[in-house]
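Below: one structure, written as structure tokens.
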Amino acid sequence: MSDHRPSVAVVGAGPAGLIAAETLASAGARVTVFERMPTTGRKLLMAGRGGLNLTHSEPFEAFVGRYGPAAERLRPMLEAFAPTDLVAWAEGLGQPTFVGSSGRVFPKALKASPLLRAWLARLAELGVEIRTRRDWLGWDAEGALRFRTEAGAIETVRPDATILALGGASWPGLGSNGAWAGVLAERGVPVQPFRPANSGFDVAWSPVFKDRFAGEPLKNVALSFGGRTVKGEAMLARYGIEGGAVYALSAPLRDAVERDGRAVLEIDLRPDLPLERLAERLSRPRAGQSLSNFLRKAAHLSPAAAGLLREAGEIPADPTELARRIKATPVVLSGVQSLDRAISSAGGIDFAAVDHELMLRALPDVYVAGEMLDWEAPTGGYLLQASFATGVWAARAALRNPRPSTSSG
Ligand SMILES: Cc1cc2nc3c(=O)[nH]c(=O)nc-3n(C[C@H](O)[C@H](O)[C@H](O)COP(=O)(O)OP(=O)(O)OC[C@H]3O[C@@H](n4cnc5c(N)ncnc54)[C@H](O)[C@@H]3O)c2cc1C
């Protein structure tokens, strides 16, 4: 029996690839997903360990702005598959969502496994075939996709269209190792070098400070760098500093550390208290209190915040000077954590390499989606949202541009 439906190979079974597969199969395409790992969606499951921040509920213009220089390229895709669409999709899979206090959207289950299970069941119903343990190596001389199986054999496939959704290069142990960059660069696709995004930074803490405070949060602080201020939480680590508010500034901080070898992050340890009020409180007599006790009582500083203040240099005796220091405690960042531990990666396929449909200009009928494209965004659900939106976009484009079937195997 001949099958006249278009055949599409989706390579990479992360959120971008799986939503592309769903979009294609729902429209009647024959879809095979190839994945190098033994199971699908490993990074999605890892994201689930932090509650699975699916998307963000802020107004659309503010939302799009989070993608910085890539915002205008991503805008039509984020409009076509918007945060509300992602929420409706999750709910359709039996995963109701809620909006957290910061506007971030999470599934009520606060994990990814039930969502992924329901999703895979839906894909199976749609007839999507998933072949795991298939490491994509590129194309052979005839233009067929080449995969290495676990046994080391080479399998080739010649679909009508291909969607590459191979992810970025952070946390390579989860499957996305960025090895595809060399394959595409050889084919004339401009690929920007990978750089850590949403990463922690090295700080030369004193031994006493790191022994005492590594693993402690700095809650309700405001971090400033390069004219931008972000309120939120940071985490003190043995190697330095990490956490949501740090990630939000991580792109300009990373650029500065790479350029200058260092960057000075300013931390306001009491952002809700104006300088004058703080100075007034610090003018109260200290009586016999230890400095830590005094700072705790007068300025409501946690032991970690007071420790950080001491770490930043001699504590000023003058109350106004001390208040100024509390409102702008300098922390010198001396390095960027490696890609291995960054939440996402910047770099990847240059937008100049794709047309408005996300098809590679150098390779007709090959579309790309997800984190492998050169965009970056802070944590807050923006990474998953853009991965989904580009996956849907590439799949719809592949459906609009059917090519006659050559062969498949
Ligand atoms: C610890 C952590 C927490 C996170 N939390 C959040 C969060 O809460 N919210 C959020 O928005 N984002 C979060 N992210 C980021 C988010 O998970 C990613 O941006 C998203 O998974 C990217 O989707 P993707 O489909 O483009 O790539 P991936 O999810 O990386 O999927 C790509 C797939 O391609 C496969 N692959 C790669 N190369 C090959 C090859 N040669 N052959 C075959 N298969 C291949 C990989 O094995 C992988 O399965 C988090 C990331 C991490 C690491």
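Just so you know, all these numbers are worked out from the coordinates, no wet-lab data involved. Because the structure is predicted, anything quoted here is derived from the model rather than measured. Don't worry about glycine lacking a Cβ; one is built from the backbone with ideal geometry, like all the others, and counts go over all protein chains shown.
Assorted remarks:
- Lys/Arg +1, Asp/Glu -1 at C-beta; the chain dipole; positive extreme among Thr84, Ala141, Ile19: Thr84
- Cα-centred dipole magnitude for the chain, charges only on beta-carbon of K, R (+1) and D, E (-1), debye, nearest 20: 1080
- Grouping the Cα pair distances of the stretch 161-203 into 5 Å bins from zero gives a pair-distance distribution of 5, 19, 23, 25, 14, 8, 4, 1, 1, 0 percent in increasing distance order.
- Helix 15-26 vs. the chain, principal-axis angle (Cα, 0 to 90°, nearest 10): 40
- Take 271-280, 326-335 and order them by the average number of nearby Cβ atoms within 10 Å per residue, most first; the result is 326-335, 271-280.
- Relative contact order (%) - the chain, alpha-carbon pairs under 8 angstrom, separation at least six: 25
- Net charge over other residues, Cβ less than 12 angstrom from the Cβ of His4 (K, R count +1; D, E count -1): 0
- Between helix 71-80 and the chain: long-axis angle, C-alpha atoms, 0 to 90°, nearest 10: 60
- Taking 29 Å as the limit for the C-alpha separation, the pairs Lys108/Lys297; Lys43/Lys231; Lys43/Lys327; Lys111/Lys219 exceed it in the case of Lys108/Lys297; Lys43/Lys327.
- Alpha-carbon centroids, the stretch 358-385 and the stretch 56-132: separation in whole Å: 15
- Residues whose amide H falls under 5 Å from that of Leu164, counting only those 5 or more places apart or on a different chain, are Val11, Tyr367, Val368, Ala369, with hydrogens built in the peptide plane.
- For the stretch 272-361, relative contact order (Cα pairs under 8 Å, six or more residues apart, normalised by length) works out to 26 percent.
- Cα-based convex hull volume of the chain per residue, rounded to whole Å³: 148
- Among Asn293, Leu218, Leu269 the positive-end extreme of the charge dipole of the stretch 201-336 (Cβ point charges): Asn293
- Rounded tilt (10° steps) of 250-260 against the dominant C-alpha axis of the chain: 80
- Highest mean packing first, where packing is the average number of other Cβ atoms within 10 Å per residue, the peptides 201-210, 362-371, 347-356 line up as 362-371, 347-356, 201-210.
- Summary of packing: across the peptides 29-35, 218-224, 183-189, the per-residue average of other C-beta atoms within 10 Å ranks them, highest first, as 29-35, 218-224, 183-189.
- Charge sum, other residues only, whose C-beta stays under 15 Å from Ile349's C-beta, Lys/Arg counted +1 and Asp/Glu -1: -3
- Estimated [θ] at 222 nm from DSSP helical runs (n ≥ 4, -39500 (n - 2.57)) normalised by residues in the chain, nearest 500: -10000 deg cm²/dmol
- Neighbourhood net charge (9 Å Cβ-Cβ; Lys/Arg +1, Asp/Glu -1) for Ser224: -1
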